[in-house]
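The values are calculated or read from the model by the stated rules, or taken from the named source; none is laboratory data. Note that the coordinates shown come from a computational prediction; the quantities given were computed from them, not determined experimentally. All Cβ positions, glycine included, derive from the backbone under ideal geometry; neighbour counts span all protein chains shown. To get the accessible areas, we keep the full protein, side chains included, count just its heavy atoms, and leave off ligands, DNA and RNA. Shrake-Rupley method; radii C 1.70, N 1.55, O 1.52, S 1.80 Å.
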Amino acid sequence: MKEAVTVHYLSIDAEKFSGTSPLPNGWRITRCAELVGELHSFFYRWVGGDWGWTDKLSLSAEAWQEHAEACELWIIYQNETPAGYFELAELSDSVELQYFGLAPHAVGLGAGGPALEFAIAQGLEKSSLVTVNTCSWDHPAALPNYLSRGFEEHYQEVEWRES
């Protein structure tokens with residue numbers, strides 16, 4: 001069955017970004033040094049499984065490896081246990097925050113906002129503009145979280161996706 005999904009396209013520049021808040025105690029974020037497609041696939045499925053992330057489910061191992069070689073993987077940890085991730089990809093005129101999210105066990109523990117601010121700061125170190133999109137299938141706090149951090153919505157579009 002097809003369902004209408006609203007996709008929101010957002011961006012933030014350095015002037016709109018107010019900075020980072022500290023992560024809660026026991027949390028840290030580290031850039032993955034190795035380009036491993038399977039790690040990207042794992043986090044995509046784990047974090048996005050509850051939110052209808054389906055666009056990459058059919059990728060082959062080779063395609064996941066190509067994806068890994070085209071972006072940075074940052075892993076969010078809680079007490080040395082993986083708790084989420086984000087990906088940053090440099091484009092010609094911006095950095096795209098391709099995926100961002102926490103694993104089910106880490107949602108609601110107060111790290112989402114500071115982790116997003118960290119991700120924005122990393123993107124703004126590479127470009128003066130960071131872009132992201134989110135949709136009506138994502139966590140209900142996703143769009144408000146982006147907007148409260150200074151992202152501005154440029155447009156929306158409706159897509160029809162299999163539910």
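Quick look at the numbers
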read-out: Residue of Cys32, Cys135, Cys71 that the Gaussian network model of the chain assigns the largest fluctuation, springs spanning Cα pairs under 10 Å; value: Cys32
read-out: Region 118-137-region 140-155 distance, computed between alpha-carbon centres (Å); value: 11 Å
read-out: Lys16 accessible area, assembled protein chains, probe 1.4 Å, Å²; value: 90 Å²
read-out: Å² of accessible area per residue within the chain, as computed with a 1.4 Å probe and no ligands counted; value: 52 Å²
read-out: Rounded to 5, the percent of DSSP beta bridges in the chain classed as antiparallel; value: 95 percent
read-out: Options Ser58, His8, Pro24, ranked by Cα towards positive dipole end of region 1-80, top entry (Cβ charges); value: Pro24
read-out: Contact order relative to length of the chain, as percent, for alpha carbon pairs under 8 angstrom and 6 or more apart; value: 41 percent
read-out: Computed over region 86-163: relative contact order in percent, which uses C-alpha pairs under 8 Å that are six or more apart; value: 28 percent
read-out: Sorted peptide list for 116-129, 55-68, criterion being average Cβ within 10 angstrom, highest first; value: 116-129, 55-68
read-out: Derived scalar couplings ³J(HN,Hα) [region 47-56; Karplus, 6.51 cos²θ - 1.76 cosθ + 1.60; whole Hz; x for Gly, Pro]; value: 6, x, x, 7, 10, x, 6, 10, 5, 10
read-out: Förster radius 30 Å - calculated FRET efficiency between Lys126 and Tyr155, Cβ distance, rounded to 0.05; value: 0.80
read-out: Total charge dipole magnitude, the chain, about the Cα centre, Cβ charges on Lys, Arg, Asp, Glu only, Debye to nearest 20; value: 500 debye
